[in-house]
Amino acid sequence: MSNPKEIKFSSRFPSTADLRDRAKKRIPKFAFEYLDGGCNEDINLHKNTSELRKVELQPHYLKEYKNADTRTQLFGHTYDAPFGIAPVGLQGLMWPNAPEILAKAAFEHNVPFVLSTVTTSSIERISEITEGQAWFQLYHPKENALRNNIIKRAETAGCPVLVILCDVPTFGFRPRDIRNGLSMPPKMTLNNILQIFGKPNWALKTLLHGQPNFETLKPYMPKNLDLSQLGKFMDETFSGRLNEEKIAPIRDMWKGKLVLKGVANEADAEKAVALGLDGIIVSNHGGRQLDAGESSIKPLTRIADRYGDKITVMMDSGIRSGPDVARSLASGAQFTFMGRTFMYGVAALGKKGGDHTISLIKTELKQVMEQICCEKVSHLPNYLITKV
């Protein structure tokens with residue numbers, strides 16, 4: 001895009017915490033808990049943010065300073081900010097039409113939007129909205145023919161980056177979702193129905209846009225599946241467990257940039273380098289898979305130190321604000337992604353939520369850079385005091 005999107009946001013909701021609070025009031029409890037929760041006891045969910053916020057930056061007040069430039073080069077494209085919208089499953093469950101709202105906002109602000117295989121809009125629709133600039137995240141199928149077909153669709157749609165997911169070898173154990181019937185197979189309980197009646201705006205929007213479905217997967221699904229059959233279909237069709245033998249043919253097939261998401265240790269980072277991947281996203285799936293694991297910032301610092309000159313190292317999980325983006329970049333990430341933060345925004349503000357949240361994070365990040373007298377995003381490591 002030739003002209004940067006004007007940065008403005010509503011002064012009524014000047015923080016991610018404000019957006020989260022409003023989202024909680026506007027959507028059914030089962031949808032909010034699916035968005036907000038981690039796995040098991042939520043320990044790693046909270047560590048992701050609390051340990052990231054131990055990172056400290058040092059201001060240099062008396063240096064010569066011009067202005068803060070948040071533009072960032074990534075895979076041959078200059079983005080207007082060093083963050084993007086992470087792939088999130090079942091977005092339309094949390095707010096109707098959410099993936100399209102966010103994809104449109106990302107395109108207008110010139111930041112990347114990553115579409116999940118298991119969200120509620122199709123590759124083709126999101127490509128249309130973003131003029132072929134959206135990334136696609138592949139949840140690995142068991143059958144090679146299905147894998148090849150989905151990848152071909154992403155290629156035809158013009159997706160510049162394919163993200164393959166490695167941190168879901170099994171479904172996370174999420175007590176809230178189990179209670180709410182949102183495990184696999186999902187079910188709609190009487191309690192959930194009563195919650196819907198209590199959120200009439202959400203219910204009306206859902207009626208308008210239709211029941212959320214896995215739109216990208218529709219061509220491969222038998223017609224008229226009920227919810228229990230949908231769970232069986234997902235179990236039989238997809239295997240989240242990746243290895244080098246599964247990644248190598250994808251690398252041969254995909255001519256664009258290829259990124260591995262869910263890297264949590266140096267050994268897997270080294271394999272990604274050896275396989276010729278273009279980037280990795282250090283992530284623990286937002287604390288939704290392994291409660292006993294590390295927060296994402298810890299392996300990020302080690303991996304960036306060791307492999308940052310060999311492969312593009314990015315990060316998600318626990319990042320909630322502009323200062324969090326700055327902390328992540330100062331610690332060695334070359335780019336960052338957020339999922340929950342943007343879903344809070346859409347659930348809180350509907351069709352205005354994507355624009356508001358991107359503008360808010362941009363403003364916060366620029367304020368940090370101006371405060372510490374950092375002119376370029378790539379210079380943020382020079383201001384690092386405390387590394388986690």
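Every number here is computed from the coordinates shown, using simple stated rules; none is lab data. What you are looking at is a predicted structure, and each value in this text was computed from that prediction instead of being measured. Counting neighbours? That spans all protein chains shown, and the Cβs are built from the backbone with ideal geometry, glycine included.
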| note | One finds, for A17 and F173 with R0 = 30 angstrom and r their Cβ-Cβ distance, a FRET efficiency to the nearest 0.05 of 0.65
| request: Work out how much length T386 to R251 would gain on full extension: take 0.36 nm times their residue separation and subtract the Cα-Cα distance, in nm to one decimal. | output: 44.9 nm
| field | 5 angstrom amide H check on E56, placed H, neighbours 5+ away | value | I385, T386
| task | Any chance you could check the Cα centroid distance between the range 161-222 and the range 313-332 for me, in angstrom? | result | 28
| query | Among bridges DSSP assigns within the range 16-386, what percent are antiparallel (round to 5)? | reply | 20
| request: First measure r as the distance between the Cβ atoms of L204 and K152, then evaluate 1/(1 + (r/R0)^6) with R0 = 41 Å and state the FRET efficiency to the nearest 0.05. | output: 0.65
| message | Using a 10 Å cut-off around each Cβ, can you sort R288, R302 from fewest to most neighbouring Cβ atoms? | response | R302, R288
| request: Enumerate the whole-percent occupancy of each 10 Å bin, from 0 to the last occupied one, for all C-alpha pair distances of the range 241-388. | output: 11, 36, 34, 17, 2
| field | Percent RCO, i.e. relative contact order, over the chain, from Cα pairs under 8 Å lying at least 6 residues apart | value | 30
| field | Ranked list, fewest to most other Cβ atoms within 10 Å of each Cβ, for T363, T312, T117, T336 | value | T363, T312, T117, T336
| Residue with peak Gaussian network fluctuation, the chain [Cα springs, cutoff 10 Å], from K261, K376, K362 | K376
| remark: Listed with the fewest Cβ neighbours within 10 Å leading, W95, W135 appear as W135, W95
| message | Just to be sure I understand: with springs between alpha-carbon atoms less than 10 Å apart, which residue in P249, P323, P87 has the highest mean-square fluctuation in the Gaussian network model of the chain? | response | P249
| query | How many angstrom lie between the C-alpha centres of the range 348-388 and the range 1-51? | reply | 16
| note | Loop-resident GluC sites (Glu not before Pro) in the range 1-64 with no more than 16 other Cβ atoms inside 10 Å, DSSP not H/G/I/E/B, are E6, E41, E64
| message | Can you give the Rg/Rh ratio of the range 16-386, where Rg is from the C-alpha atoms and Rh is the Kirkwood radius? | response | 0.95
| query | Pick from L349, L207, L93: which residue has the top mean-square fluctuation in a GNM of the chain where Cα pairs under 10 Å get a spring? | reply | L207
| field | Distance (nanometres) between label positions extended 7 Å along Cα→Cβ at A267 and Y65 | value | 4.5
